[in-house]
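In what follows, a single structure is set out as structure tokens and then discussed.
The values are calculated or read from the model by the stated rules, or taken from the named source; none is laboratory data. Computed from a predicted structure; not experimentally measured. Every residue, glycine as well, gets a Cβ built from its backbone with ideal geometry; the counts of neighbours run over all protein chains shown. In case anyone asks, the SASA skips ligands and DNA or RNA and just uses the protein heavy atoms, side chains included. Shrake-Rupley method; radii C 1.70, N 1.55, O 1.52, S 1.80 Å.
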Amino acid sequence: MKIRQATTSKEKDDAYSVRTIVFVKEQHVPPEIEIDEYDETAIHLIGYENDEPIAASRVRFTDNCGKLERICVLHNQRGKSRGSQMIKAMESLIKENGYKKAKLNAQTHAIEFYRRLGYEVVSDEFMDAGIPHVTMVKTLT
């Protein structure tokens, strides 16, 4: 998978397309919640396999850390380390921007995935878009 920052309209549309398939169609997140006010200022990443968009995410900088958001991989691409590749690319971006801490809100079914990548749970469970989440953090070295 080739990961790059979405800088063109097509790349951003590709990222939104992957997010819509995963979050809106699969997980039934309302579209008005999925695309939000932060999309204009966030850094978007898009993963391609054979020029087809298969993964997406965004990074924002807040509270002295990089915040990993909207991490998603198309269903037929899961189990192939695509998610961990996206996380590593996001962490590199955070470090390149001078931050030493990464934070994310993980769906509870994905806690073990993020733990394997070095993240620790730092919150109680909460609901976001009708889906249970926890906040997780990692110090980047």
Within region 36-51, restricting to residues that are open to solvent by less than 90 Å² (accessible area, probe 1.4 Å) and under 16 Å from N76 (Cβ atoms), the one that is nearest to the chain's Cα centre (by Cα) is G47
Top-ranked residue of region 100-141 - restricted to ones that are open to solvent by 70 Å² or more (accessible area, probe 1.4 Å) and among the hydroxyl-bearing types (S, T, Y), ranked as farthest from N64 (Cα to Cα)
T141
Selection count where residues are surrounded by 12 or more Cβ atoms within 10 Å (Cβ to Cβ), at pLDDT below 95 and either part of a loop (DSSP other than H, G, I, E, B) or among the basic types (K, R) (or both), scope region 13-35
3
K100: passes all of (1) in contact (Cβ under 8 Å) with a residue 40 or more places away in the chain; (2) closer than 17 Å to F113 by Cβ; (3) basic (K, R) but (2)
Taking region 99-141, which residues are on the phi > 0 side of the Ramachandran plot and modelled with pLDDT under 95?
A129, G130
K100 vs. criteria under 19 Å from P132 (Cα atoms) and either in contact with a strand residue (DSSP E or B) (Cβ under 9 Å, 6 or more places away or on another chain) or of a type in the set (A, V, I, L, M, F, W, C) (or both):
no
Neighbours by Cβ (under 6 Å, 6+ apart or cross-chain): first from region 52-71, buried (at least 19 other Cβ atoms within 10 Å of the Cβ); second of a type in the set (S, T, Y) and not in a strand (DSSP E or B)
C65/Y99; G66/Y99
If we ask which residues in region 5-54 are of a type in the set (A, V, I, L, M, F, W, C), closer than 24 Å to M127 by Cα and touching a Lys or Arg at 6+ places or on another chain (Cβ under 6 Å), their number turns out to be 1
